[in-house]
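First comes the structure, then the notes that go with it.
The values are calculated or read from the model by the stated rules, or taken from the named source; none is laboratory data. Keep in mind that this is a model prediction, so the values were computed, not measured. Neighbour counts run over all protein chains shown; Cβ positions are idealised from the backbone, glycine included. The protein model used for the area step is the full one, side chains on, heavy atoms only, and it has no ligands, DNA or RNA in it. Shrake-Rupley method; radii C 1.70, N 1.55, O 1.52, S 1.80 Å.
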Amino acid sequence: MIRSSFLAIIILVCFFSCKNDASTTTLVKPKLDTAFIKKIAQQVINNSDSVGLRFNYIEALDSIGNYNTAIVQIDSLIFKDRGNYALWFKRAKLYEHAKDTLQAINSYQKALIIYRSADGLLALANLYAETKNILVLALCNELDNLRIGREYTSYTNFFRGVYYARIGNSQQANLFFDKSIVNNYTFIDAYMEKGFLLYDGSKFTEALQVFKKANSVNVTYADAYYWQGKCYEAVNNKPQAIVQYQQALTLDKYFAEAQAAIKRVKIE
């Protein structure tokens, strides 16, 4: 939760790929509960040829964390339509949610063979960066060459930064996080990763300023307050550390790490 840089990118993907744009299926997210899941499962059984209904079922399963069943369902659709970009993309997202990075990468790669979409490239670049795969640099260059806009440039620089951070090249990582922020000053993940680099390098005062900047951009971002607390704790300013940990806990009452930190600092 507090150290992950997997980017939460909202990717809008139509149900069918460009070659299947005749569909006008709209996905509606109802309130999910056991009764609803059972109801839609029965509807799928009664209407096994309804691709849209089955996709809604997959979305519902994804939402409740039943990834194994969702993957079985998406595989049944792919079996009938192996050339559908959106199905492979959804399969990749399911595996990503299930923490199976290798299968997610494999599915994104297959999706991109079908349709070289910018969002598909971004999603794959994200996983390449985290897994220290140098191919992320080529994907980022490809995206930059599309000249889509500053937001995408911010993403590509961020992924370059993550890659260099993961392989231990802090100087290059910091350079690309700064470039990412220049292209999107509200990009909270770039601030956090930059702060992590400084903190890991025992530059606690500098890291604190970065985490403060993150909270100036987003005053409700609990993780940045938590890391401010860690910086204060690292320089033995326990009163301020507790203040920041409590602020994080106020914003997120389930923030277990903040709860543990408060107890730890008060005992010491």
request  = Please indicate, with yes or no, whether at least one residue in the range 39-58 is within 20 Å of the chain's Cα centre (by Cα), open to solvent by less than 40 Å² (accessible area, probe 1.4 Å) and modelled with pLDDT of 85 or more.
outcome  = yes
inquiry  = Looking at (1) more than 16 Å from residue 190 (Cα to Cα); (2) within 19 Å of the chain's Cα centre (by Cα), which one does residue 221 not meet, given that it meets all the others?
reply    = (1)
message = Going through 146, 208 one at a time, which residue ends up being farther than 22 Å from residue 123 by Cα and in contact (Cβ under 8 Å) with a residue 12 or more places away in the chain?
response = 208
query = Going through the range 231-240 one residue at a time, which ones are surrounded by 15 or more Cβ atoms within 10 Å (Cβ to Cβ), closer than 17 Å to residue 196 by Cα and either hydrophobic (A, V, I, L, M, F, W, C) or out of contact with any helix residue (DSSP H, G or I) (no Cβ under 7 Å at 6 or more places or on another chain) (or both)?
reply = 231, 234
message = It is to be established whether one or more residues within the range 163-186 are closer than 21 Å to residue 256 by Cβ and open to solvent by 20 Å² or more (accessible area, probe 1.4 Å).
response = no
message = Suppose the filter is of a type in the set (D, E, K, R), closer than 29 Å to residue 155 by Cα and modelled with pLDDT of 95 or more; does residue 213 pass it?
response = yes
ask   = Of everything in the range 93-115 that's among the hydrophobic types (A, V, I, L, M, F, W, C) and part of a helix (DSSP H, G or I), which residue is nearest to residue 135 (Cα to Cα)?
value = 105
query = So, of the residues in the range 116-125 that are in a helix (DSSP H, G or I) and open to solvent by 10 Å² or more (accessible area, probe 1.4 Å), which turns out to be nearest to residue 66 (Cα to Cα)?
reply = 119
note = Matching residues in the range 70-112 (more than 18 Å from the chain's Cα centre (by Cα), open to solvent by 50 Å² or more (accessible area, probe 1.4 Å) and touching a residue at least 12 places away in the same chain (Cβ under 8 Å)) number 2
